[in-house]
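Here's the structure, in structure tokens; my notes come after.
Laboratory data are not the source of any read-out in this text; all were calculated from the coordinates shown. Nothing here was measured: the structure is a model prediction, and the numbers come from that model. Cβ coordinates were reconstructed from backbone atoms using ideal geometry, including for glycine residues, and neighbour counts include every protein chain displayed.
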Amino acid sequence: MARLIVGPFNRVEGDLEVRLEVVDGQVQSAHINSPMYRGFEQILLKKPAMDALIYVPRICGICSVSQSVASARALADAMGVTPPPNGARVTNLMLATENMADHLTHFYLFFMPDFARPVYAQQPWHAAVQDRFTAMQGRHARLALAARQRLFTLLGTLGGKWPHTQSIQPTGSSRAVEAAERVRLLARVREFRAFLEQTLFAAPLEQISAIDSEAALRQWYATAAPDSGDFRLFLTLAWQLELDRMGPGPGRYMSNGSYPSPDGGLTFARGIWDQVSDKVQALDTDSISEDATHAWLSDAGGARHPADGLTVPDIDKPDAYTWNKAPRLDGRVIETGALARQLVDAHPLIRDAAMRCGGTVYTRVLARLLELARVVPAMEEWIKNLRTDEPYFVAHALPDDAVGMGLTEAARGSLGHWIAIRKGKISNYQIIAPTSWNFSPRDAQGVPGALEAALVGAAVLPGEDTPVSVQHIVRSFDPCMVCTVH
Amino acid sequence: MASETFSRKTPAFNVLWLQSGGCGGCSMSLLCADTPDFFGALSDADINMLWHPSLSIESGADAVRIMQACIDGRIPLHALCVEGSMLRGPNGTGRFHILAGTGKPMIEWVQALAAVAHYTVAVGTCAAYGGITAAGGNPTDACGLQYEGDQIGGLLGAAYRSGTGLPVINVAGCPTHPNWVLETLMALAADLFDASQMDALGRPRFYADHLVHHGCTRNEYYEFKASAEKPSDLGCMMENMGCKGTQVHADCNTRLWNGDGSCTRGGYACISCTEPGFEEPGHSFHVTPKIAGIPIGLPTDMPKAWFVALASLSKSATPKRVRENATADHLKILPAIRKTRLK
């Protein structure tokens, strides 16, 4: 048995170290270490409650709007209010902008460059991949970065700047949108749509989101050359390299649901989808717990619900190997992310693919690309529905003593904030980020987290000190380590 | 690229970028630089990104080999960029951030690389002064590269100078503006930056010689002290909502963010994120601290008595239009249209 310690593991957000036990060219077990701790849950203690809106976006520079939304919802829950329709639409728009930018960044800058590596030089698609995706040089990577820069001008208008806007409030937005600005916002979304339709999909977004099975996907695929559009190129190499067998997930997928509409509905549903039963169950947030057995944090009192969570460093703890706690739902490991969102929301293509091959590198990336096709048209609708004669913000006082829970979906999956307020100050604040779930360490029962299990069986080629298959699997989750260890 | 046809007089300017106790937001902000070709902009400026955690292909052992080659002098390190606070804890061990795959604290890597760098650049307020990670009880004993709050020292010490004799260049901001970083690196690569271009806190003066207040679209409300009372109001946010724009060094309202943005244009107060210690204002961020109804944080270069006298005079002269619009989220009263020709 050989042991590999892989790090710094880059093109993920933040710090990651992967420890692998390798037998006969295959990973036999994996331990995931988040080797940096900042202590936001400690920093927030005793702060004026509304100041959470300043601190929490700074947990993460890649999904800072998601953190703001979760915090604003936790404070709104503590107040017992909901934002006015305009405030909800603007929040959706800002969150969607960030999520779509994250999907784009992930695909073009984080995930695809690995297929330009020399190890794939003999593959028929390699020249096309190298041309488009080579790190810091690929033609399409550069175009994608330009499209991202333009997309983020939506947040210049709606939020003043990105990252770390402070315009998102528990009861709406501090930035009312004027009538003339709506057309400018719409024009920017359509610019982004044009990039997706020309470069990524080589097809209209509506055509992509209407693909309702893998058979239909193969049919669509066959209508053009295998490198026509970056999506088709991805499918070409994914099927050929059998990415649909790589990095299996735990079979249970969670989504908090996302993009609420003013009538109280959700654009993407909330729930748990189970691969064995192929059914969606309701999400019971009371059954969430965090186990700190293998984290360098106090595990006093055993696994705790986040409303009662504890964050106290204990760096010399035996058997600990990461700063991440182990979140569990009803005691069980779950996976979260775009794949989970689309499974819970019952998108027929993603359901069909997952029923065939489960959560894998292929289905995770497929779901992320599908979301680009599904969400961008929704953004256009939200902009058109902004009512400039109605308020974006309503005044409401925060009680001196209250508790609140704020749920949202970041690009990488389910994000939850739990706040307790005493005498106007924060008396407890706990955050469970998507990567906390996916990159969880073992729990008290020794059960590995989702990625730890997904890496078992990954191929390690002779001479590899940073196995490329491990890189594909890790990056398929699009981890955000700075969120995880906040 | 057209520029590749020109011959280069100088070798490419090698930049190594590390992230420690921060959120990665300064890197993400950098990618929002206003250019149709970010990587082209770097290469046109002769900048070679030797390794960057979000952008480079090299992972794991390959990345460590690049860092070690810089330390050993096999690769010249022209600029070391560090993003995020230096985590000295617990008890000075640096174990709150071990550089993955190396077993060695990041602070030791930074010290070794800073010792060979021609220039050392702190990207963002965390790396400059400690920033948000140093807030509250500062559980990780976070500090900046050469400052701890407004006190010189930090990880590298007051006496530290990079290979070219400069102290750490503090491109402060939370996050930092993409063009503050890009223009600093471009000036360094072109050998057009020296000590005279740094302010007393180590910030590049091209953006730190300005105030956030300059170019603020709410200036008419400021002139008349017509104040916002809640988020989404259009009025000046200095009197009630904690805005520090009249005191804070940065050009945010003339060099806009993400197209046409700035904090005050986004409807929220300037929280002085380019200044040391912004993370602990000593009061709620959203509320202006006052004594006897007068904000304590008045413009720094104006006698207080004059400010109070002028404010009271201008308040009594506030046009109805400005007064009413200040507490609305859209213009309720429009500027009058004169039927006679303007004089």
Could you rank the peptides A:369-381, A:3-15 by their average count of other C-beta atoms within 10 Å per residue, with the highest value first?
-> A:3-15, A:369-381
Per residue, the convex hull enclosing the alpha carbons of chain A has a volume in Å³ of 130
5 angstrom amide H check on A:Q169, placed H, neighbours 5+ away | A:S174
Whole-Hz ³J(HN,Hα) from phi, Karplus 6.51 cos²θ - 1.76 cosθ + 1.60, for the stretch A:263-271, glycine and proline x = 7, x, x, 10, 5, 10, 5, 9, x
Counting only DSSP beta bridges with both residues in the stretch B:1-128, tell me the antiparallel percent, nearest 5.
-> 20
Under 5 Å between amide H atoms, partner at least 5 residues away or on a different chain: which partners does A:E335 have, H built in plane at 1.01 Å?
-> A:R252, A:Y253, A:M254
Charge sum, other residues only, whose C-beta stays under 12 Å from B:I333's C-beta, Lys/Arg counted +1 and Asp/Glu -1 | +3
Listed by chain and number, the aspartates and glutamates with an alpha carbon less than 14 angstrom from that of A:K425, same-chain partners under 8 positions apart left out, are A:E41, A:D51, A:D400, A:D401
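State the antiparallel share, in %, of DSSP beta bridges confined to the protein assembly as shown, rounding to the nearest 5. Please report the intermediate quantities before stating the final value.
Values: 62 of 84 bridges.
Among the beta bridges of the protein assembly as shown, antiparallel pairing accounts for roughly 75 percent.
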P(r) tail for the stretch B:165-241, what percent of Cα pairs lie past 19 Å?
-> 50
Projected onto the charge dipole of the stretch A:315-457 (unit charges on the beta-carbon of Lys, Arg, Asp and Glu, signs +1, +1, -1, -1), the Cα from A:P318, A:A397, A:G331 with the largest positive-side position is that of A:P318
Order these peptides, B:107-117, A:437-447, by their mean beta-carbon neighbour count within 10 angstrom, highest first.
-> A:437-447, B:107-117
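By per-residue mean of other Cβ atoms within 10 Å, what is the highest-first order of B:153-161, A:232-240, B:13-21?
Put in order of decreasing packing, that is B:13-21, A:232-240, B:153-161.
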What percent of all Cα-Cα pairs in chain B falls in each 20 Å bin, counting up from 0?
-> 28, 50, 20, 2
Averaged over peptide B:128-135, how many Cβ atoms belonging to another chain are found within 10 Å of each residue's Cβ?
-> 3
What is the Cα centroid distance between the stretch A:277-353 and the stretch B:110-183, reported in whole angstrom?
-> 35
Output the Cα-based Rg and Dmax of the protein assembly as shown in Å, rounding Rg to one decimal and Dmax to a whole number.
-> 25.8, 91
Along the stretch A:365-371, Karplus-curve 3J(HN,Hα) (6.51, -1.76, 1.60; θ = phi - 60°) to the nearest Hz, with x for Gly and Pro, reads 6, 4, 5, 5, 5, 4, 4
For B:K315, which lysines qualify as cross-link partners when the Cα separation must be under 23 Å and same-chain residues fewer than eight apart are set aside?
-> B:K225, B:K230, B:K244, B:K290, B:K304, B:K332
If each residue's Cβ is checked for other Cβ atoms within 10 Å, how do A:L415, B:L99 rank with the fewest at the top?
-> B:L99, A:L415
Once amide H atoms are built 1.01 Å from N in the peptide plane, which residues 5 or more positions from B:M198, or in another chain, come under 5 Å H to H?
-> B:R205
Neighbours of A:L310 by Cβ distance under 12 Å: Lys/Arg at +1, Asp/Glu at -1, summed charge -4
Neighbouring partner chain Cβ atoms per residue of A:466-473, average, 10 Å criterion | 2
Summing Lys, Arg as +1 and Asp, Glu as -1, what charge do residues with Cβ under 15 Å from the Cβ of B:V171 carry, B:V171 excluded?
-> -3
Span from the the stretch A:425-486 Cα centroid across to the the stretch A:85-130 one, whole angstrom | 19
In sequence order, calculated HN-Hα J values of the stretch A:147-153 (Karplus, 6.51, -1.76, 1.60; Hz; x Gly/Pro) = 5, 5, 4, 5, 4, 5, 5
Average partner coverage of A:391-399, which counts Cβ from other chains inside 10 Å = 3
Distance between the stretch A:25-62 and the stretch B:56-104 - C-alpha centres, whole angstrom | 20
Provide B:M238, A:M405 in ascending order of the number of other Cβ atoms located within 10 Å of each residue's Cβ, fewest first.
-> A:M405, B:M238
